[in-house]
Amino acid sequence: MLVSCHRSMVYPTLLTTADSLIMQGNYDQADSLLALYDKEIHYPEDASIHYRQLLSLERLFVDERLSDNHFPLTDSLCRYYDNRDWKTEYSKALCFLGEIYRVSHDDSAAMAAFLKADDLAKERQDSYLLCWLYQKSGDIFFNQEMYDESADYHQRYYQIAAANKDTLRMAYAAFYLGMNYTAKDNVD
């Protein structure tokens, strides 16, 4: 059943825990929970089916395996969550849609999806999603040789990771910043 506007559906605990683990980078534990969920005999409602599909896309995203083959499902999930005004799920679906556009070299569509997801993630203060969005947005600018803009996004990525004391994402962000400065011949 729908909960009131601007709120998310209540999903099975295995799915919500797996989602949280994926966002925190605990992929092995998340995979175990998702496999357990898939083995259970259950008759999920429509919302749980869509949420499980979203988590499948999330795993592909973190493994950098999203491609234009995933566009129909991702686009469908974007419309599904947007129509229900479920902002948490919608912002993630937009992030994954943006990544599909990015790997398909449609940078303007990718940035449009990332910026829309960015607004929603800021509204909800979703720091993990913001890290992903800033990394991918910075990558787009880097590939276009717009190093100042790229460094700005990667710096935001670093700041959020530092605030979360997320040393792995801090290291990734520092690596991307180093690439920007190297490309600009800023050795210091």
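The values are calculated or read from the model by the stated rules, or taken from the named source; none is laboratory data. These numbers come from a predicted model, not from an experiment. Here the Cβ positions follow ideal geometry from the backbone for every residue, glycine too, while neighbour counts run over all protein chains shown. The protein model used for the area step is the full one, side chains on, heavy atoms only, and it has no ligands, DNA or RNA in it. Shrake-Rupley method; radii C 1.70, N 1.55, O 1.52, S 1.80 Å.
Being exposed (fewer than 13 other Cβ atoms within 10 Å of the Cβ) and at pLDDT below 90 is the filter; apply it to the stretch 164-188 and report the residue that is nearest to M23 (Cα to Cα). Out of the qualifying residues, it is L168. Would you confirm, using the coordinates I've provided, whether R102 is over 15 Å from L129 (Cβ atoms), in contact with a helix residue (DSSP H, G or I) (Cβ under 6 Å, 6 or more places away or on another chain) and not acidic (D, E)? Yes; evaluated as a whole, the condition is true for this residue. Of the helices (runs of 4 or more DSSP H) lying entirely inside the stretch 14-124, those containing at least 3 residues that are aromatic (F, W, Y) and touching a residue at least 12 places away in the same chain (Cβ under 8 Å) are 71-84, 87-103.
Annotation: D63 fulfils all but one of (1) surrounded by fewer than 16 Cβ atoms within 10 Å (Cβ to Cβ); (2) more than 23 Å from N143 (Cβ to Cβ); the unmet one is (2). Tell me yes or no: at least one residue of the stretch 109-120 is charged (D, E, K, R), out of contact with any strand residue (DSSP E or B) (no Cβ under 6 Å at 6 or more places or on another chain) and surrounded by fewer than 16 Cβ atoms within 10 Å (Cβ to Cβ). Looking through the stretch 109-120, at least one residue is charged (D, E, K, R), out of contact with any strand residue (DSSP E or B) (no Cβ under 6 Å at 6 or more places or on another chain) and surrounded by fewer than 16 Cβ atoms within 10 Å (Cβ to Cβ).
For the subset of the stretch 129-151 comprising residues that are part of a helix (DSSP H, G or I) and open to solvent by 70 Å² or more (accessible area, probe 1.4 Å), which member is farthest from R79 (Cα to Cα)? Taking the candidates together, the pick is D148.
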